[in-house]
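Each remark here refers to the structure printed beneath this line.
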Amino acid sequence: TSNKRTLRTLFRPAALPSPVISETSPSQKKLLAYHRDKEQQEIINQLLIDRALEVYYITMEETEERGAAPPITELHSTVVIRPLKFLSFQADYLFLKKCVQRNPMIPIQQQWLRSMLAMVPQSLMEGRERELLTEELLKEVVRDYETSVQRCVLRRVLVKPDIKELDALEEEAPLPSLPLGLDFSSTWHDNYIKAKMRIASTLYIFHPTMKTLLDFGYTAFFNFLVVDFSGSRLKGPVDCRSFKTEASLRCSKAEDEIMGTWYQRVFGLFTQSEALDGVKLDQLESFCNCVAVLLSNQVKELLQRTTEVFVKLFDPEDRSRLPLFKMDLTFDENRMEFYPSLEDLEEAILFVVDCIGQTLQNIQTVRACLTGGTATVDTELPAHIAQWAKSTLKKSIRDNLEGPKEHFKGYVESYGWLVDGTAEERINRFLAEQPSFDECT
């Protein structure tokens with residue numbers, strides 16, 4: 001048909017300059033030939049540019065008519081663009097590159113952007129700040145798309161000459177790449193469903209018995225401490241031995257109370273057949289392990305909370321609940337010192353942390369109680385909690401003992417000469433001199 005595009009209709013007829021007949025010198029003929037060759041080269045370059053752009057736009061129109069995506073990675077199968085390999089000069093390549101870059105490109109389709117936004121949860125798009133962030137991200141996507149299309153067109157239309165100088169002239173950042181180590185080939189939802197089903201079949205966190213155990217632990221431990229010295233300051237000073245004894249008695253009493261109330265309720269729950277409803281025989285061991293972990297977490301939380309409350313009593317910045325200790329300043333064998341010593345005081349305070357950690361360490365597992373075994377629940381106070389408590393207490397004790405140390409230092413400076421032999425030496429020297437009555441007075 002007449003509208004059909006062919007190679008003949010796409011190319012414009014070359015309009016070469018008309019010959020000029022005149023008598024010229026050999027130098028003038030050489031100069032005119034040079035100008036004529038240069039003009040012909042410019043016309044050929046323009047024809048090549050028009051040809052490349054014409055083929056590109058034809059491909060774009062045909063792709064748009066059939067509703068396909070813009071040809072970022074491939075062109076229409078019926079169109080063949082031969083690389084312009086003969087453009088080996090640096091200036092020609094840069095000129096052609098600018099011409100291609102100045103031409104408009106097919107913009108990104110809006111339905112693509114809407115599809116991207118549809119994959120973002122609505123809760124992450126609420127609020128003014130998140131709307132602005134979404135707009136910035138969409139602009140970044142559009143910029144990356146335009147950059148990729150432009151580079152693709154350049155690579156399909158032009159072949160970069162093998163000239164080292166072009167690498168320094170072309171300021172072109174690398175294309176964005178996917179993060180290393182991340183796999184986007186599958187969605188997270190399937191993995192989440194599998195993990196949820198596995199948890200439900202092995203950990204039994206949805207079993208009614210677990211909820212009952214949580215209620216038992218919350219009721220028994222919500223407002224309970226293994227040992228509480230928060231009211232010790234109101235009782236007045238206490239000696240270190242009595243402090244350690246009281247800590248041991250309180251921990252023992254607390255353990256008896258917990259075993260007689262909370263643990264009896266737990267044990268009584270599993271004496272009922274309803275506690276194992278829905279648990280198959282081959283799943284009994286994993287179910288009992290889940291119960292043991294739950295009981296372990298509850299007891300460990302109680303011991304950790306008790307330790308943190310005790311450490312807070314010795315906070316140097318808040319001395320309103322700081323316990324008072326009875327210390328004697330003694331004089332023995334020409335020595336003045338505290339009794340008990342400062343080291344004994346520190347040992348008595350740290351003893352409470354050890355005492356808390358030794359409480360509730362012999363709780364039998366439910367399976368052991370039912371079958372007569374000896375297995376116990378792991379209720380040991382975490383090592384990092386015990387280490388943190390002791391290091392914090394040592395620092396607090398040193399800070400709080402600055403006052404008694406200054407008090408002791410003042411005694412030594414004021415009266416030490418009376419007990420270290422200095423006074424006796426001065427008296428003996430005075431008597432040995434046998435002074436007269438007037439000198440004595």
> Within the accessible area of the stretch 91-167, what % is carbon and sulfur when the probe is 1.4 Å and the other protein chains stay in place?
Replying inline: 55 percent
>> Can you compute the FRET efficiency between residue 427 and residue 320 using 1/(1 + (r/R0)^6), with r the Cβ-Cβ distance and R0 = 45 Å? Round to the nearest 0.05.
In response: 0.35
> What are the residues whose amide H is under 5 Å from the amide H of residue 325, where those residues sit 5 or more places off or on another chain and H is modelled from the backbone?
Replying inline: 238
> Using the Cβ atoms and a cut-off under 14 Å, what net charge is assigned to the surroundings of residue 331, where Lys and Arg are +1 and Asp and Glu are -1?
Replying inline: -4
> Which cross-chain or sequence-distant (5 or more) residues have an amide H under 5 Å from the amide H of residue 313, H modelled 1.01 Å from N in plane?
Replying inline: none
>> Give me the dipole magnitude in Debye, nearest 20, for the stretch 203-424 about the Cα centre, with unit charges on the beta carbon: positive for Lys and Arg, negative for Asp and Glu.
In response: 680 debye
> By how many nm would the segment from residue 105 to residue 380 lengthen if fully extended, with 0.36 nm per residue of separation less the alpha-carbon distance?
Replying inline: 92.1 nm
> Got a sec to turn the phi values of the stretch 293-308 into Karplus ³J(HN,Hα) couplings, 6.51 cos²θ - 1.76 cosθ + 1.60 with θ = phi - 60°, whole Hz, x for Gly and Pro?
Replying inline: 5, 5, 5, 4, 4, 5, 5, 4, 4, 5, 5, 5, 5, 4, 5, 5
> What are the GluC sites (Glu not before Pro) within the stretch 234-333 that DSSP puts in a loop, where the Cβ has at most 15 other Cβ atoms within 10 Å?
Replying inline: 317, 333
> Extension gain residue 440-residue 136, at 0.36 nm per residue separation less the Cα-Cα distance, in nm?
Replying inline: 99.5 nm
> In the stretch 391-432, what percent of the accessible surface is made up of carbon and sulfur (1.4 Å probe, ligands and nucleic acids excluded)?
Replying inline: 55 percent
> Remind me, relative contact order of the stretch 203-424 in percent, using alpha carbon pairs under 8 angstrom and six or more residues apart?
Replying inline: 27 percent
>> Using amide H atoms built in the peptide plane, which far-off residues or other-chain residues are under 5 Å from residue 376 H to H?
In response: 365
> With the contact rule set at Cα under 8 Å and sequence spacing of 6 or more, what percent relative contact order holds for the stretch 91-167?
Replying inline: 56 percent
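The values are calculated or read from the model by the stated rules, or taken from the named source; none is laboratory data. Bear in mind the structure is a predicted one, so any value in this text is a computation, not a measurement. Virtual Cβ from ideal backbone geometry, glycine too; neighbours counted across all protein chains shown. When the accessible area is computed, the model is the full protein with side chains, heavy atoms only, and any ligands, DNA or RNA have been set aside. Shrake-Rupley method; radii C 1.70, N 1.55, O 1.52, S 1.80 Å.
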